[in-house]
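All remarks here apply to the structure that follows.
Each reported figure results from applying straightforward, stated rules to the coordinates on display, with no laboratory input. For clarity, every value in this text was computed on a predicted model and none was experimentally measured. Neighbour counts run over all protein chains shown; Cβ positions are idealised from the backbone, glycine included.
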Amino acid sequence: MALRCPRCRSPIHSEWGMCPACGLSRPSSRSRVRCRSCGAQADSLYHVCPTCGSDLEAVPLLLWFLRGSLQIAKVGGSALLVGGMVFGAMQVKTGVERGANQVITFFMPTPTPTATATGTPTATRAPTPTPTVTSTWTPLPTLTATPTATPTETLVPTLALPATATPSPTASPTPTPRFVAPVLIDPPDGQVFVGSDQLVILSWEPAGQLAEDEWYAIRISWSQDGTFGQRGGNNLKEIWWRIPADFYWGKADQDTGRAYEWYVYVEQVTETEDGQRVGEPVSPLSETRTLYWQ
């Protein structure tokens, strides 16, 4: 239970040197009294017992000592009385038992023991006959071994042919393209465009960082006059291309719906010694889409 300041009744702790509320110093040399409830000592200025929390009412130390002595005397007297009663009961029990034993001894004659000798026959063991062992061993006849001729084994030399090493085929490493296949964005497959002034723009996602001699190759094909395989296109760094209207308008056959097929890949373009430009794919081809320009 928390302590309280005797002056202002504010809660305090036992380790504090003074009350933080009123500044009262911790009691050290003032007189001390005992609590009537629990008997604990407390400062005379306290109004509440710091041990049990009851209202602190001073009890003289001499009166408290006399009260304690009286309680001890009461307890000691009761213990002495009980001890005397137990001791007396034990003495009475011992006397009664002793008198009873004397009466029984006086009236009961002492029996005279009669010893009767009884003979116990001793068993005589008959000797165990020893069995006679008769030998029935018959010597075996002596066998005479007849030597048998051992055939002579003729060894034929075997010629070991040198092993012929079979050459293992050398796997040729498959070159890995430097770029992934471009992914087409627009127009979707089967898109229809009408009129010569219609803008037809093809677009795709970038496949990576292009070098100076690397380009996006856009290729487009169609059927004209019943012959399939007409091709066109361009090489560029951008990821989109507009089909020129004056170049493609009306070229595809009418019976095919004026269908055009297109795809994209990355191409590396180099120049030979005679000045010719040669292109080499460095990525897989994209998917092929179809558009209709009517």
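Run the simple label-point estimate for Asp186 and Ala245 please: 7 Å along Cα→C-beta, distance reported in nm.
1.8
Classify the stretch 184-293 as rounded, prolate or oblate, taking a ≥ b ≥ c as the square roots of the eigenvalues of its Cα gyration tensor: rounded when a/c is under 1.5, otherwise prolate if a/b is larger than b/c and oblate if not.
Since a/c reaches 1.5 and a/b is larger than b/c, the shape of the stretch 184-293 is classed as prolate.
Apply 1/(1 + (r/R0)^6) to the Cβ-Cβ distance of Asp253 and Ala211, taking R0 = 45 Å, and write down the FRET efficiency to the nearest 0.05.
So the FRET efficiency works out to roughly 0.70.
To the nearest 20 Debye, how big is the dipole of the stretch 184-293 about its Cα centre, given +1 on the beta carbon of each Lys and Arg and -1 on that of each Asp and Glu?
Using only the charged Cβ atoms, the result is roughly 380 debye.
So, counting K/R as plus one and D/E as minus one, what does the shell of residues with Cβ under 12 Å around Pro188 add up to?
Taking every Cβ under 12 Å from that of Pro188, the sum is -2.
Please arrange Thr272, Thr256 by counting, for each residue, the other beta carbons lying within 10 Å of its beta carbon, fewest first.
Thr272, Thr256
Could you check the simple spin-label distance between Glu273 and Cys38, using points 7 Å along Cα→Cβ, in nm with one decimal?
11.5
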